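Reading through the structure tokens given below for one structure.
The values are calculated or read from the model by the stated rules, or taken from the named source; none is laboratory data. The structure displayed is predicted, hence computed values, not measured ones. Neighbour counts run over all protein chains shown; Cβ positions are idealised from the backbone, glycine included.
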Amino acid sequence: MPGLDYWNLGYLPQMPADRKALGIGVVGAGFIVCDCHLVAYADAGFRVVGLTSRTRKVAQEVAQLRGVPIVHETIEDLLDDPAVDILDIAVPPLEQPGVIARVLAHKRHPRGILAQKPLAMDPTEARGIVEGCEDAGIALQVNHNMRYDHSIRAMKHLIDRGSIGLPVLATIDMRAIPHWMSWARDGRSLSTYIMSIHHLDTFRYWLGNPTRVLASTRPDPRTRFPHEDGINLVILEYANGARASAWDDVWAGPAKEGAGAELSIHWRVEGTEGLGHGSIGWPGWPDRVPSTINYSTIDDQGAWHRPRWPEAWFPDAFAGPMAGLMIAIEQRTLPDISGRDNLETLALCEAVIIAAREHRVVDFADILA
């Protein structure tokens, strides 16, 4: 394929100069830790030195399976371990602010925290976390690992190097049926803060902040507990004329009720001089399904480039946010997905909720103020 350059698409994360210099302590032992975080860290050569979880038996099982040397009784015990430089907090979003509060109150602070998204289910609470970490001198990274999905990252590289010219339209079309965890019940938001947040953050990663937000939501017919935002339809308007839209369909038809299943996540970015489109492999989990990208530019005389790689979003992309945090500590810079940056993604979630609930166009600057 003419012009194809696998290694110049920027789809792999930058790594710290010394991958083992910083010891990682993990809070949580759920499937995302067991099957994604710890697998990705081991493959990347990172050093996990300890783990703690609410249920010691589960923590011991995960530690034994993944080769973590020490299981600590409490978060405070984990923090007291001088080998712990970074805390990887992987707990439900309603619990995360309390965990970080315990970290900030402890006598010994880690050099960095990798928190999960959403940082909190409320922007005001999230801002308190960000300011608390800044005051304590703790580098805060938020695990928006979709930015490290290999196709999403490759498309960002094409946008940044001008290969497609000026972006015109970006779309993400998700038809997938998530398994809503018990902690998702009775919250102020379902899909927006738990599912759509991935795509809203991806649009920010690709295109920056929008100027106006339009949205329509409805409950998911399959989900039995009360909620407003199941299926989310979002349109973002940009000052430079670009538009972005996400169709987040967590119903995806009656596949679980007996009809055929047609599950996928497809994305597309069109520019004035080229375009790219691809797929996200996550709906195939627990099978390893690499994401894909196909792209063409006006210089390609109609040809398409179709690079492929063995890495998949789950679990491989989970190494990227940790690597970004390590680099920030190593170089004394702001993490690439910093807590303060995440406040703008949470503001975009809020804009979607307001636009849908009040049936109006929302000026994004008003939400950021």
### Query
Checking G339 against (1) over 24 Å from L214 (Cα atoms); (2) surrounded by fewer than 20 Cβ atoms within 10 Å (Cβ to Cβ); (3) not aliphatic (A, V, I, L, M), which test does it fail?
(2)
### Message
If a residue must be part of a loop (DSSP other than H, G, I, E, B) and within 18 Å of the chain's Cα centre (by Cα), how many such residues does region 267-285 contain?
### Response
3
#### Entry: Odd one out for S264 among (1) under 22 Å from the mean Cα position of the chain (by Cα); (2) closer than 25 Å to D363 by Cβ; (3) among the small types (G, A, S)
(2)
### Task
Determine which member of the set T272, T297 is of a type in the set (V, I, T), out of contact with any Cys (no Cβ under 6 Å at 6 or more places or on another chain), over 23 Å from R360 (Cα atoms) and surrounded by fewer than 16 Cβ atoms within 10 Å (Cβ to Cβ).
T272
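Considering only region 351-361, I want to know if a residue exists there that is touching a helix residue (DSSP H, G or I) at 6+ places or on another chain (Cβ under 6 Å), in the same structural domain as R188 (by TED's automatic domain parsing), closer than 29 Å to D43 by Cα and in contact (Cβ under 8 Å) with a residue 40 or more places away in the chain.
Within region 351-361, none of the residues are touching a helix residue (DSSP H, G or I) at 6+ places or on another chain (Cβ under 6 Å), in the same structural domain as R188 (by TED's automatic domain parsing), closer than 29 Å to D43 by Cα and in contact (Cβ under 8 Å) with a residue 40 or more places away in the chain.
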### Task
Only residues in region 259-272 that are farther than 15 Å from I293 by Cα count as the first member; pair them with residues that are surrounded by 15 or more Cβ atoms within 10 Å (Cβ to Cβ) and among the charged types (D, E, K, R), Cβ under 9 angstrom, at least 6 apart or cross-chain, and list the lot.
E262/R175; L263/R175
### Message
Any residue in region 6-30 that is touching a residue at least 12 places away in the same chain (Cβ under 8 Å) sitting within a Cβ distance under 6 Å of a residue that is assigned to a loop (DSSP other than H, G, I, E, B) and among the small types (G, A, S)? List the pairs, counting only those 6 or more apart or interchain.
### Response
R19/G45; G23/A83; G28/S53; G28/A90; A29/S53
### Task
Would you confirm whether any residue within region 135-146 is at pLDDT below 95, in contact with a Pro (Cβ under 6 Å, 6 or more places away or on another chain) and closer than 30 Å to R222 by Cα?
no
### Query
Since R19 meets every condition but one in (1) surrounded by 19 or more Cβ atoms within 10 Å (Cβ to Cβ); (2) part of a loop (DSSP other than H, G, I, E, B), which condition does it not meet?
(1)
### Message
Condition first: surrounded by fewer than 18 Cβ atoms within 10 Å (Cβ to Cβ) and more than 20 Å from the chain's Cα centre (by Cα). Can you find one or more residues in region 88-96 that meet it?
### Response
no
### Query
Limited to region 119-141, what total is found for residues that are closer than 21 Å to I354 by Cβ and of a type outside the set (G, A, S)?
7
